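In what follows, a structure is listed as structure tokens, so that the remarks can point back to it.
The values are calculated or read from the model by the stated rules, or taken from the named source; none is laboratory data. Quick caveat: nothing in here was measured; it's all calculated off a predicted structure. Ideal geometry is used to build each Cβ from the backbone, glycine not excepted, and the neighbour counts take in all protein chains shown. Remember, those area values only see protein heavy atoms, side chains included, never the ligands or the DNA or RNA. Shrake-Rupley method; radii C 1.70, N 1.55, O 1.52, S 1.80 Å.
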Amino acid sequence: MYRPTFLALAILTVVMTWLPPLAHAQSTAPAPATPAAPIDQVMTPAAAADENNPFANALTLEGFIQSTGVMAYPLIVLSMITAFLIVLFTFTVRQGTVVSDAFMNSADALIRKQDYLGLLAVCNRRNECIARITAKTLDFATRNPTASFEEVKEVTEAEGNRQSSLLLARIAYLGDVGAVAPMLGLLGTTLGMITTFHAISGSEYGGSNQLGLAQGVSEALLCTASGLVIGIPALIFYAIFRGKVNRLISEMEAATTHLMALLAVQYKRAARAVAGRGDA
């Protein structure tokens, strides 16, 4: 049911991630030719941008890849995954996907009427955690009519724990990205430092060892900065979604307790009816 929505969100996330670098690259494209200026006063657009902003080249996609090297690709992929997960969880981690008032009102009315088949049909049409828990409970109860209420309750608790684990496991991916991104950035920095010192030891920079070292270290640290730029928002949103999921799990547990209390009343009523027929 949600696969088309997930695909649309993924495409939108990729487009929104790649548009800013492309737009910036177009904005820094060479301007139309102007009357020739003296050679010593000629300055290319890239040089002018570098003079105004030393990090202007790194803000473009091509410049970022050149500055960070091979680690640019996993960092770009992680940035797209982070943006996609944030958008996805914003739309899916909500009240309506866990427990809704509409389902609870329908379940309450159907349980009081002892219309368990009707409630099972409602559960199969609803894509909510509480609906899946209720469906599992009713399926077990209808397939095992001699089962006691305690056995039915154990099935409900097991399915409730499974749904809670699934909710927490989904948002855990965002926390994993927040932990991995800074480590990848640190790895890129380490590789860049190794390359820089190796080049200096080989006298590649000649008499400008200090300038070459500063430039190499600056480009290497860009990997760490990129990893932190990805990891910090990922961890912030993970904390936000984790708090929201914990609140929804509490509401799901309260709703499950309410439904099980209604079922317990119906079980006692059925037991009294059977006992009354036996006495008669």
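Restricting the first member to segment 113-127 and to residues that are within 17 Å of Val99 (Cβ to Cβ), and the second to residues that are surrounded by 13 or more Cβ atoms within 10 Å (Cβ to Cβ) and of a type in the set (Lys, Arg), the beta-carbon pairs closer than 8 Å and six or more apart or on different chains are Cys123/Arg132. Condition first: without any contact (Cβ under 8 Å) to a residue 40 or more places away in the chain and more than 32 Å from the chain's Cα centre (by Cα). Can you find one or more residues in segment 149-169 that meet it? Among the residues of segment 149-169, at least one is without any contact (Cβ under 8 Å) to a residue 40 or more places away in the chain and more than 32 Å from the chain's Cα centre (by Cα), which makes the answer yes. Of the candidates Thr189, Thr142, the single residue that is part of a helix (DSSP H, G or I), surrounded by 15 or more Cβ atoms within 10 Å (Cβ to Cβ) and of a type outside the set (D, E, K, R) is Thr189. Looking only at segment 203-222, decide whether some residue is open to solvent by less than 60 Å² (accessible area, probe 1.4 Å) and at pLDDT 90 or above. The answer is no, given that none of the residues of segment 203-222 is open to solvent by less than 60 Å² (accessible area, probe 1.4 Å) and at pLDDT 90 or above. Take the conditions open to solvent by less than 30 Å² (accessible area, probe 1.4 Å), modelled with pLDDT under 90 and under 30 Å from Ile236 (Cβ atoms) and apply them to Thr82. Does it pass? Spelling it out, it is not the case that Thr82 is open to solvent by less than 30 Å² (accessible area, probe 1.4 Å), modelled with pLDDT under 90 and under 30 Å from Ile236 (Cβ atoms). Can you pull out the residues in segment 86-96 that are open to solvent by 20 Å² or more (accessible area, probe 1.4 Å) and in a helix (DSSP H, G or I)? Matches in segment 86-96: Ile86, Val87, Thr90, Phe91, Gln95, Gly96.
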